[in-house]
Amino acid sequence: MRKSLLLAATAAATAMLVLAPAAGALAAPAHDVLTTGKVGGANVKVKDVLQAGLKAKTVLVFSSVSGTAISLKCAKSTITSKVTANPARPGTAVQSLTGETVTGCKASTTLVRSVTVTVTKLPNRTTIGDARGNPVTVFRPSATLKIVTTVVGTLTCKYTATKISGKASNTGSLISFSKQVFTRAAGSNGFCPAKGALTATYGPVVDLSVRGHPHVFVN
């Protein structure tokens, strides 16, 4: 009888040891598409505010694709967004691009004295996925360029796009766009290119809603 009880107790203990790792694995926290601090870090919360300026030593470029050869280089730009969805990976996080500033712009011709860029029709729906390449999409971006010239005074150029595509990188917590095309919606043919291409790299992306403003990563 004692031997049977001993064997039963040994079997029960062995079963507990075998099952314990499995139970622990099931209890492991799930990582969402966006985390802070590191890949696999704390999940970014819905309603958190994210922000990024231009990557150090880079400029925002808006170059002519067709028509006039005028192009712009802007020294400063900042994007701000609010997280509206951050599902468990694999998946796609959604943000509302609530603010964007572009300043310090210079044109490629001396016929232009100054350029003021205003991003319009905010907010813009923005998605960041954890598929290959960490794709980023901004839907229906638009901007107005106020150009002061030496020949015809002040002109206004308006540009829109159905969407522009970029990619996120965990190296430096960056978001980059390369030659994304905008179409002129209004403005002079002489100083407003019919189409212009945007190239810019933002980062590091930080979470302003978390103490210390940690960098944001894609999982």
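The values are calculated or read from the model by the stated rules, or taken from the named source; none is laboratory data. What you see is a predicted model, and the numbers here were worked out from it, not measured in a lab. We place every Cβ from the backbone using ideal geometry, glycine too, and count neighbours over all the protein chains shown.
Observations
- Only one entry in Thr120, Thr154, Thr116, Thr101 is loosely packed, with under 15 Cβ neighbours inside 10 Å, without any contact (Cβ under 8 Å) to a residue 24 or more places away in the chain, out of contact with any Phe, Trp or Tyr (no Cβ under 6 Å at 6 or more places or on another chain) and hydroxyl-bearing (Ser, Thr, Tyr), namely Thr154.
- Matching residues, region 17-39, being surrounded by 10 or more Cβ atoms within 10 Å (Cβ to Cβ), modelled with pLDDT under 95 and not aliphatic (A, V, I, L, M): His31
- Note on region 181-201: residues that are in a strand (DSSP E or B) and more than 14 Å from the chain's Cα centre (by Cα) amount to 10.
- Subset tally (residues that are outside any strand (DSSP E or B) and surrounded by fewer than 15 Cβ atoms within 10 Å (Cβ to Cβ)) for region 123-139: 3
- Any hit, region 92-102, residues being at positive phi, in a strand (DSSP E or B) and among the small types (Gly, Ala, Ser): no
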